[in-house]
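Engineer: The structure follows.
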Amino acid sequence: MELLQRHEKTPDYYNIDALTGLYNRGKYERDIRMFQATGYERLTCVYMDVVGLHEVNNHLGHEAGDKMLCMISDAIREYFPKSLAYRIGGDEFVILMKQVSSRSAALARVRSMLEHIRSVKHAEMDGQAITFSVGVAFSPEQGNRFDDLYRNADKALYQTKRGGRNNFS
């Protein structure tokens, strides 16, 4: 009990999503305000929505859905170790990369992570398909306004959803 109480008093305790260990929506919103106030030179925003979490929960149980979300979070940490990563909703994630060498490098890293997740999850989920809608936006293209950057990533995500594609551009 004492160990738990000490953990709760750590500065990041209220910023961490309890299930995944990524930053939570509250931390995301505070960080957005910080980016808006201080500005930034180069920032890449990856907005990711897991398609099919509801079906996994219904067919395989909530424990399987939680396991899937944790596996995705582990992959995000592995492929984006120096980035800010957030779980902002039940099955929605945002990754903010401050230092990206190029647009193609960022897209390649996202694609590699998604391929890794798909291969692991297909094997673990009894063949249950896992798909993603992903939007990526880059600050050099959108200027230095975080609202525009996020809005463009969100718009790209919904274009992939509407198109039924399991990829992004």
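Every number in this text was worked out from the coordinates using simple rules, so none of it is lab data. Small disclaimer: the values here were computed from a predicted structure and weren't measured. Using ideal geometry, Cβ is built from the backbone for each residue, glycine included, and neighbour counts are taken over all protein chains shown.
Engineer: Could you list the GluC sites (Glu not before Pro) in the range 32-69 that lie in coil according to DSSP, counting only those with at most 16 other Cβ atoms within 10 Å of their Cβ?
Structural biologist: Within the range 32-69, the qualifying GluC sites (Glu not before Pro) (loop, at most 16 other Cβ atoms within 10 Å) are Glu41.
Engineer: If you average the sequence gap of Cα pairs under 8 Å that are 6 or more apart and divide by the length of the range 44-112, what percent do you get for the contact order?
Structural biologist: The normalised contact order for the range 44-112 reaches 40 percent.
Engineer: If you stretched the chain out fully between Glu63 and Ser102, how much longer would it get, using 0.36 nm times the residue separation minus the C-alpha to C-alpha distance?
Structural biologist: 10.2 nm
Engineer: A further question on this structure: Which ³J(HN,Hα) values, rounded to whole Hz and listed in residue order, are derived for the range 25-37 from phi using the Karplus coefficients 6.51, -1.76 and 1.60 in 6.51 cos²θ - 1.76 cosθ + 1.60 with θ = phi - 60°, glycine and proline given as x?
Structural biologist: Each residue of the range 25-37 in turn: 5, x, 5, 4, 5, 5, 5, 4, 4, 5, 4, 5, 6 Hz.
Engineer: Given R₀ = 25 Å, what would the calculated FRET efficiency be for Tyr13 paired with Arg77, taking r from the Cβ atoms and rounding to 0.05?
Structural biologist: 0.85
Engineer: Moving to a separate point now. So who's got an amide H within less than 5 Å of the one on Val51, skipping anything under 5 residues away but keeping other chains? H placed 1.01 Å off N, in plane.
Structural biologist: The answer is Thr131, Phe132, Ser133.
Engineer: If each of Glu115 and Cys70 carries a label point 7 Å out from its Cα toward its Cβ, how far apart are those two points in nm?
Structural biologist: Computed distance between label sites Glu115 and Cys70 equals 2.8 nm.
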